[in-house]
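Beneath this line is the structure, given in structure tokens, with notes to follow.
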Amino acid sequence: MIRELIVVEGIHDISAVRQAVDAEVVETNGFVLGPDVVMRIRRALGTCGVIVLTDPDPVGEQLRRRIEAHVGPCKHAYVAREDCTREGDIGIENAAPAAIRAALEAVRAGQTEPRAEFALSDLLRFGLQGTPDARERRIRLGNALNLGYGNARQLLRRLNHLGVSREEFETAAARL
């Protein structure tokens, strides 16, 4: 049983989440974020909490930012791209129940105060930017820290926004 409201993109995502866990789930209808959905998310944020679980693609990332712009900091769960891809289609609806449960168990809370703990120099030091295998290293780091995949800019934003500690980052990055 998940206490928080889980926000997903579509109706098929709701089915996938409900197969994995017992939870209240709301859909945004893709990139659309109507006033009724915003009101429902805002209400849940003040009472039971909100977990955003969007597809690991650019639209899903933009939707996460739009939701937080409308309602404030939320918790975020990420399913690895390889765990929710089927026949070239990327989406939460393709994820196995175990992958969804793992993502929800590793949920990260957004920070209310912006912080700048991590900088580009941190990514460069661990080969997460500017090296031929940087993309693959970011994928592995994102999976290790339950942040999902992101380009260098997205990774920095998530590291700073989702409360990753310096020790947690350096331990995971050193294992790459």
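The values are calculated or read from the model by the stated rules, or taken from the named source; none is laboratory data. Values in this document were obtained by computation on a predicted structure and should not be read as measured data. As a convention, Cβ positions derive from the backbone with ideal geometry for all residues, glycine included, and neighbour counts pool all protein chains shown. Note: accessible area is taken over every heavy atom of the protein model, side chains too, but ligands, DNA and RNA are not part of it. Shrake-Rupley method; radii C 1.70, N 1.55, O 1.52, S 1.80 Å.
Checking D83 against (1) within 16 Å of L147 (Cβ to Cβ); (2) among the acidic types (D, E); (3) surrounded by fewer than 18 Cβ atoms within 10 Å (Cβ to Cβ), only one condition comes out false. Which one?
Here D83 meets the rest and fails (3).
Just need a number here: residues in segment 122-150 that are exposed (fewer than 14 other Cβ atoms within 10 Å of the Cβ) and closer than 27 Å to A69 by Cβ.
0
Of the residues A77, A99, A16, A20, which single one is under 20 Å from G163 (Cα atoms) and either open to solvent by 20 Å² or more (accessible area, probe 1.4 Å) or not polar (S, T, N, Q) (or both)?
On the way: A99 fails: under 20 Å from G163 (Cα atoms); A16 fails: under 20 Å from G163 (Cα atoms); A20 fails: under 20 Å from G163 (Cα atoms).
Step by step, each of A77, A99, A16, A20 is checked, and only A77 is under 20 Å from G163 (Cα atoms) and either open to solvent by 20 Å² or more (accessible area, probe 1.4 Å) or not polar (S, T, N, Q) (or both).
Kindly indicate whether G30 is open to solvent by less than 40 Å² (accessible area, probe 1.4 Å) and more than 15 Å from the chain's Cα centre (by Cα). Write out each step before concluding.
Numbers: open to solvent by less than 40 Å² (accessible area, probe 1.4 Å): yes; more than 15 Å from the chain's Cα centre (by Cα): yes.
Taking the combined requirement at face value, the residue satisfies it.
G110 versus (1) at pLDDT 90 or above; (2) of a type outside the set (D, E, K, R); (3) closer than 18 Å to H161 by Cα; (4) in contact with a helix residue (DSSP H, G or I) (Cβ under 8 Å, 6 or more places away or on another chain): which is the lone unmet condition?
Unmet for G110, out of (1) at pLDDT 90 or above; (2) of a type outside the set (D, E, K, R); (3) closer than 18 Å to H161 by Cα; (4) in contact with a helix residue (DSSP H, G or I) (Cβ under 8 Å, 6 or more places away or on another chain): (1).
If I ask for residues that are touching a strand residue (DSSP E or B) at 6+ places or on another chain (Cβ under 6 Å) and either open to solvent by 40 Å² or more (accessible area, probe 1.4 Å) or assigned to a helix (DSSP H, G or I) (or both), which ones from segment 41-56 would you list?
Selection gives I41, A44.
Could you list all residues from segment 151-169 that are more than 22 Å from I51 (Cβ to Cβ) and open to solvent by 60 Å² or more (accessible area, probe 1.4 Å)?
N151, R153, R166, E167
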